[in-house]
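A.B. asks: One structure, as structure tokens, below. Some questions next.
The values are calculated or read from the model by the stated rules, or taken from the named source; none is laboratory data. Quick caveat, the model's predicted, so the values are computed rather than measured. Please note: Cβ atoms are built from the backbone with ideal geometry, for glycine as well, and neighbour counts cover all protein chains shown. Just the protein is used for accessible areas: all its heavy atoms, side chains included, with ligands, DNA and RNA removed. Shrake-Rupley method; radii C 1.70, N 1.55, O 1.52, S 1.80 Å.
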Amino acid sequence: MNTNKPMWGADDRATATGMKSNRGKEPSIISSEPALRVVMRRLRAIMADEGDGQSRLDKIVRQIAGVMIAEVCSIYVKRRDGSLELFATEGLNADAPHNTRLKRGEGLVGRCAELNEPMNEPDAQAHPAFSYRPETGEEAYKSFLAVPVQRASQVLGVLVVQNHTQKEYLDEDVEVLQATAMVVAELLGSGTVAGSDADVEGAKSQNAKLAGEPIADGIALGHVVFHEPRIVVTQLLSEEPDVELARVDDALTKLRASLDEMFSEERLMVAGEHRDVLEAYRMFANDRGWVKRLRDATQGGLTAEAAIERVQNTTRARMLRQSDPYWRERVRDLDDLSDRLMRIVAGRKSGADDPSELPDDTILVARTMGPAELLDYDRTKLRGLVVEDGSGQSHVAIVAKALGIAAVGQVGRAVEHADTGDAIIVDAEIGEVHLRPSPELVSSYSDKVKLRAKRQQRYDALREQPAVTKDGVRIALQINAGLLVDMPHVAQSGADGVGLFRTELQFMLADRIPRTDNQARTYKAVMGEAAGKPVVFRALDIGGDKVLPYLRPNVEENPAIGWRAIRMSLDREGLFRMQVRAFLRACAGDRLNLMIPMVTTSAEMDLARAVIDKEIARSKKLQKPLPTEIKIGAMLEVPNLLFELDEFLPRVDFVSIGSNDLMQFLLAADRTNARVGARYDVLSPGPLRALLSITRAAERKNVPVTVCGEMAGTPVEAMALIALGFRTLSMGAGSIGPVKSMVLTSNVAEVTEAMDQWLASGVLDIREKLVEFAKSNSIEI
């Protein structure tokens, strides 16, 4: 909002006295100067007054009700159990404060707190989430506007205004209420409001075991260090926009420079999937839309700090309205970048900026954390990570894996249970966190850590040994890659080749579509780094959650099953042909293995092959050198193909199972969504039977079949795949050692017979059966 000009014109002010507005909405605020300035001036006066926190809350609701011409203004405070207690009100019954409490998620107020976004309802009582509380007297009011009161990404309460008349509040009303919420958050967070901070359940001196979800494998023993990157903004308005704009521009320059320096760390330069995350993160930091919104907010009269927070909150709310899980990770990146930029503007350091203050066995505990924030910390002192949110596919988890840090996510109320300096154990094998553990437990886990170290030495010793089972079956173990810097991992891990090379990353990191020559040079370099070992290139898989900055995004309700991968390539045939031309040029004199992603039907595969054949014919006509052999395969990740395998398989030279998408579609569960993560079990009977049908059909048609999703990278799940008939598995480079160890101690005939019996007899918990089988047969998992 531009605070340098009046918010309302003459017509708008007339509307408040009864005339109809051309905008179809009735403004709530009447003022000859910008409403935000009026509100902030009065709030500053309230905060400067003497009196306790409760009296200040009472004054705030009276002032906001007056400024916004609202008949009701109320403040609800969130308690430790998630409930919301009415603390102050102007307009509701006088005895309602401290006697009205809403359960977690109850009513429109609870919904606002849970969703962490504004609720603007012209007729609140007609909304299905409306909760009637007779002691408040709010049944007389129709219109309802609520905004969350949040501090350091934590919702502390909800600020509400209501009116008798049925109307939708304006965007300006929302902004004024959000600005007020920032002040209320500061007041609640200061601890001056008696009763706003309920006692933590259980004394912090006692031992505590917290359950979570493993997001980066490992075990760590150490001491708690809190990660608190957020800065609370108290100065909102500025009389010198040019000065504030210069502060923002200077901070953006320093932010980008710090990211470039951070991502040049040697260990990160040669790692795998995390590199894609960090490059996408850096692209976000250079996003012109984000920068423009920051500049506009500053030029509108906000301080640099307030502009950053304002843009962060509005962008976050817009992102969270998207249904695709891609945007949930983008929200974490946004928070990380905004917090980092805020610290630069404010001249503040994070807890990571002074390594001398960190204990040598630091375990970070955080409500949330972005990937770059984790990289801020001294790796030599960092042992583990505990976060209250985050899944195994979150960006911070991917970076934690690359750094070898044990991490557990989804640990509810970890921050409240811990104290700085507490002894802590992070068990990221099973997803447990032990606070203030007993000496016996520390001793037990110390032994576990020693055993893990010996196991890793054993994996290193297996590097040159082929993966052959005890009954003589050779299993090919390959890696997944996406950038040239990943290729050294083929030799370092002892892999048999590259089962999946994601070509879209080259497109995502460029500022324009890479030309054919540039693509060909990259693919040729990949083949050279493979040193004669096979490489399977996946054709361009963009769309959905993979957006190219130079192509107009296609807004879709459900991008995971929208216009993406081969669907986009066939519609934009020129882009597809350019890439095929680059493959043919790069693999001239060598073998080309080309895989088509997201194939839905056999007919679609025919169309893809027709495009490839055109390019082969063109190269022959121009007498261009060609690959010695061309194998065209497909990723099987759409369930529809399960029902036309006999028609589909003769059309391909090989098939690779994209287990991530295939299982997600079969189970109707987003694997990145913590709320349904428990339902995403790839070892359920249904998905295993689907995989078995593929291997049997492929055997009948004599078509090689592999698995290249995450399922292949876990020893127990890899053992299941081998039992189902798969003989080639592709995975992250770090999984080669554990999976190879499992293969070397397995007997294929025995595990296949057991799997057949379980599937035939209707066993439901096959994961448990596999673990028991491995233990009884001395298979290393």
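A.B. asks: Can you pull out the residues in the range 276-333 that are at pLDDT 75 or above, small (Gly, Ala, Ser) and either closer than 30 Å to Asp670 by Cβ or open to solvent by 20 Å² or more (accessible area, probe 1.4 Å) (or both)?
C.D. replies: Result: Gly289, single match.
A.B. asks: Something else now. Does at least one position in the range 641-664 carry a residue that is part of a helix (DSSP H, G or I), of a type in the set (Lys, Arg), open to solvent by 10 Å² or more (accessible area, probe 1.4 Å) and out of contact with any Lys or Arg (no Cβ under 8 Å at 6 or more places or on another chain)? Steps first, answer last, please.
C.D. replies: Within the range 641-664, the subset part of a helix (DSSP H, G or I) is 641-643, 645-651, 659-664.
With of a type in the set (Lys, Arg) added as a condition, the list becomes 651.
Now drop any that are not open to solvent by 10 Å² or more (accessible area, probe 1.4 Å), which leaves 651.
Of the ones still in play, those that are also out of contact with any Lys or Arg (no Cβ under 8 Å at 6 or more places or on another chain) are none.
No, the conditions are met nowhere in the range 641-664.
A.B. asks: Do you know which residues across the range 718-731 are more than 20 Å from Asp681 (Cβ to Cβ) and surrounded by fewer than 24 Cβ atoms within 10 Å (Cβ to Cβ)?
C.D. replies: Restricting attention to the range 718-731, the residues satisfying the condition of being more than 20 Å from Asp681 (Cβ to Cβ) are 725, 727-728, 730.
Across the range 718-731, the qualifying residues are Gly725, Arg727, Thr728.
A.B. asks: Which ranges mark the helices (runs of 4 or more DSSP H) fully within the range 444-544 that have 1 or more residues being aromatic (Phe, Trp, Tyr) and more than 29 Å from the chain's Cα centre (by Cα)?
C.D. replies: Numbers: elements: 488-493, 504-508, 516-530.
Hits in the range 444-544: 516-530.
A.B. asks: Could you list all residues from the range 612-631 that are assigned to a loop (DSSP other than H, G, I, E, B) and not polar (S, T, N, Q)?
C.D. replies: So in the range 612-631, the residues assigned to a loop (DSSP other than H, G, I, E, B) come out as 622-628.
Residues satisfying the conditions are Leu622, Lys624, Pro625, Leu626, Pro627.
A.B. asks: For the range 682-722, give me each residue that is part of a helix (DSSP H, G or I), without any contact (Cβ under 8 Å) to a residue 60 or more places away in the chain and over 19 Å from Leu662 (Cα atoms). Quick ask: steps written out before the conclusion?
C.D. replies: Within the range 682-722, the subset part of a helix (DSSP H, G or I) is 685-701, 710-713, 715-722.
After this cut, where a residue has to be without any contact (Cβ under 8 Å) to a residue 60 or more places away in the chain as well, the list is 686-687, 690-691, 693-701, 710-713, 717-718, 720-721.
Glu699, Arg700, Lys701, listed by residue number.
A.B. asks: Right, next: Counting only residues that are over 37 Å from the mean Cα position of the chain (by Cα) and within 25 Å of Arg133 (Cβ to Cβ), how many does the range 62-90 have?
C.D. replies: In the first step, residues of the range 62-90 are kept if they are over 37 Å from the mean Cα position of the chain (by Cα); the result is 62-63, 65-72, 89-90.
If we keep only those that are within 25 Å of Arg133 (Cβ to Cβ) as well, we get 62-63, 65-66, 68-72, 89-90.
Qualifying residue count, the range 62-90: 11.
A.B. asks: Out of Ala70, Ala113, report the one residue that is crowded, with 23+ Cβ neighbours inside 10 Å, closer than 27 Å to Asp339 by Cβ and among the small types (Gly, Ala, Ser).
C.D. replies: Details: Ala70 fails: closer than 27 Å to Asp339 by Cβ.
The unique qualifying residue is Ala113.
A.B. asks: Which of the residues belonging to the range 409-435 are open to solvent by 30 Å² or more (accessible area, probe 1.4 Å) and assigned to a strand (DSSP E or B)?
C.D. replies: Once the filter is applied, which keeps residues that are open to solvent by 30 Å² or more (accessible area, probe 1.4 Å) and assigned to a strand (DSSP E or B), the range 409-435 yields Ala423, Glu432.
A.B. asks: Right, something else. State which residue pairs qualify: first residue closer than 18 Å to Glu168 by Cβ and inside the range 126-139, second residue polar (S, T, N, Q) in any location, beta carbons under 6 Å apart, and separation of 6 or more residues or different chains.
C.D. replies: If the second residue must be polar (S, T, N, Q), no pairs are left.
A.B. asks: If I filter the range 589-599 down to residues being open to solvent by less than 30 Å² (accessible area, probe 1.4 Å) and in a loop (DSSP other than H, G, I, E, B), which single residue comes out as modelled with the lowest pLDDT? Can you show your working first?
C.D. replies: Here is the first cut: in the range 589-599, the residues open to solvent by less than 30 Å² (accessible area, probe 1.4 Å) are 592-599.
This time we only want the ones that are in a loop (DSSP other than H, G, I, E, B), so: 597-599.
Working: Pro597: 92, Met598: 89, Val599: 93.
Restricting to residues being open to solvent by less than 30 Å² (accessible area, probe 1.4 Å) and in a loop (DSSP other than H, G, I, E, B), the top hit is Met598.
A.B. asks: Also, quick follow-up: Out of curiosity, is Val547 out of contact with any Cys (no Cβ under 8 Å at 6 or more places or on another chain) and modelled with pLDDT of 90 or more? Before you say what the answer is, go through the steps one by one.
C.D. replies: Working: out of contact with any Cys (no Cβ under 8 Å at 6 or more places or on another chain): yes; modelled with pLDDT of 90 or more: no.
Judged against the criteria, Val547 is not a match.
A.B. asks: Follow-up. Working only within the range 755-781, note down all residues that are under 24 Å from Glu429 (Cβ atoms), in a helix (DSSP H, G or I) and open to solvent by 10 Å² or more (accessible area, probe 1.4 Å).
C.D. replies: Hits for the range 755-781 are Arg767, Glu768, Lys769, Val771, Glu772, Phe773, Lys775, Ser776.
A.B. asks: Take Glu138 and decide whether it is surrounded by fewer than 23 Cβ atoms within 10 Å (Cβ to Cβ) and over 30 Å from Met342 (Cα atoms). I'd like the intermediate steps shown before the answer.
C.D. replies: On the way: surrounded by fewer than 23 Cβ atoms within 10 Å (Cβ to Cβ): no; over 30 Å from Met342 (Cα atoms): yes.
For Glu138, the condition - surrounded by fewer than 23 Cβ atoms within 10 Å (Cβ to Cβ) and over 30 Å from Met342 (Cα atoms) - is not met.
A.B. asks: In the range 46-63, which residues are hydrophobic (A, V, I, L, M, F, W, C), at pLDDT below 90 and surrounded by 18 or more Cβ atoms within 10 Å (Cβ to Cβ)? Give the steps one after another, and end with the answer.
C.D. replies: Our first condition is that a residue be hydrophobic (A, V, I, L, M, F, W, C); within the range 46-63, this holds for 46-48, 57, 60-61.
Next, only the ones that are at pLDDT below 90 stay: 46-48.
Correct list: Ile46 only.
A.B. asks: Let me ask something else about it. Please go through the range 703-715 and pick out each residue that is at pLDDT below 95 and either open to solvent by 20 Å² or more (accessible area, probe 1.4 Å) or over 21 Å from Met595 (Cα atoms) (or both).
C.D. replies: Result: Glu710, Thr714, Pro715.
A.B. asks: Quick one: in the range 436-481, which of the residues that are in contact with a helix residue (DSSP H, G or I) (Cβ under 6 Å, 6 or more places away or on another chain) and surrounded by 14 or more Cβ atoms within 10 Å (Cβ to Cβ) is nearest to Thr522 (Cα to Cα)?
C.D. replies: Ile479
A.B. asks: For the range 485-511, which residues satisfy the criterion of being at pLDDT 75 or above and surrounded by fewer than 17 Cβ atoms within 10 Å (Cβ to Cβ)? I'd like the intermediate steps shown before the answer.
C.D. replies: Here is the first cut: in the range 485-511, the ones at pLDDT 75 or above are 486-504, 507.
Pro488, Ala491, Gln492, listed by residue number.
A.B. asks: Another question, then. Considering each of Arg609, Arg585, Arg581 in turn, give the residue that is over 21 Å from Gln506 (Cβ atoms) and either assigned to a strand (DSSP E or B) or open to solvent by 30 Å² or more (accessible area, probe 1.4 Å) (or both). Break it down into steps so the answer makes sense when it comes.
C.D. replies: On the way: Arg585 fails: over 21 Å from Gln506 (Cβ atoms); Arg581 fails: over 21 Å from Gln506 (Cβ atoms).
None of the other options fit; the residue is Arg609.
A.B. asks: Of (1) part of a strand (DSSP E or B); (2) modelled with pLDDT under 90, Val200 satisfies all except one. Which?
C.D. replies: Among (1) part of a strand (DSSP E or B); (2) modelled with pLDDT under 90, the lone unmet condition for Val200 is (1).
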